[in-house]
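Accompanying notes for the structure given below.
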Amino acid sequence: MKVNEEEKKLLSEAIDKMNEGLDSFIGFYNDSEEDKALIEFSEDTIETIEKAIETYGKDEVTTKINTIIKEVLSFIPNKKG
C-alpha cells in the first residue's frame, strides 16, 4: 500500500489511539474480579424483591434489606473473641 506523508501520519496516530484503547482494555481486564453472589435467593424471594422495588424503589428496598440482614446477623456470636 502506498501512502503519502500525511496519510502515514494519520495512520500512525490511529495506531497510537488503538494501542491506548487496547492498554485500557488490558488494564480493565487485569483489575477485574469475578462477581460472586454472597447468597443465592430463591425464585420466590427474587420475585418479592422485584415487586418491592417496583413499588418503593431500589434505594428504599436496598436500605431495608441491609438493615434487616444486619439486625438478624447481629445476634450471631463472634467466634474470634
### Query
Which of (1) open to solvent by 80 Å² or more (accessible area, probe 1.4 Å); (2) farther than 30 Å from Lys64 by Cα; (3) modelled with pLDDT under 95; (4) among the β-branched types (Val, Ile, Thr) is the odd one out, the single condition Ile39 does not satisfy?
(2)
### Summary
Exception for Tyr56 within (1) at pLDDT below 95; (2) open to solvent by 100 Å² or more (accessible area, probe 1.4 Å) falls at (1)
### Task
Please tell me if Lys51 is open to solvent by 100 Å² or more (accessible area, probe 1.4 Å) and at pLDDT 95 or above.
yes
### Query
Residues Ile15, Ile49: which one is β-branched (Val, Ile, Thr), touching a residue at least 12 places away in the same chain (Cβ under 8 Å) and assigned to a helix (DSSP H, G or I)?
Ile49
### Query
Going by the structure shown, is Val61 assigned to a helix (DSSP H, G or I), in contact with a helix residue (DSSP H, G or I) (Cβ under 7 Å, 6 or more places away or on another chain), open to solvent by less than 90 Å² (accessible area, probe 1.4 Å) and free of Cβ contacts under 8 Å to residues at least 40 places away in the same chain?
yes
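The values are calculated or read from the model by the stated rules, or taken from the named source; none is laboratory data. This structure is a prediction, so every number in the text was calculated from the model and none was measured. Virtual Cβ from ideal backbone geometry, glycine too; neighbours counted across all protein chains shown. Ligands, DNA and RNA are excluded from the accessible area calculation, which covers all protein heavy atoms including side chains. Shrake-Rupley method; radii C 1.70, N 1.55, O 1.52, S 1.80 Å.
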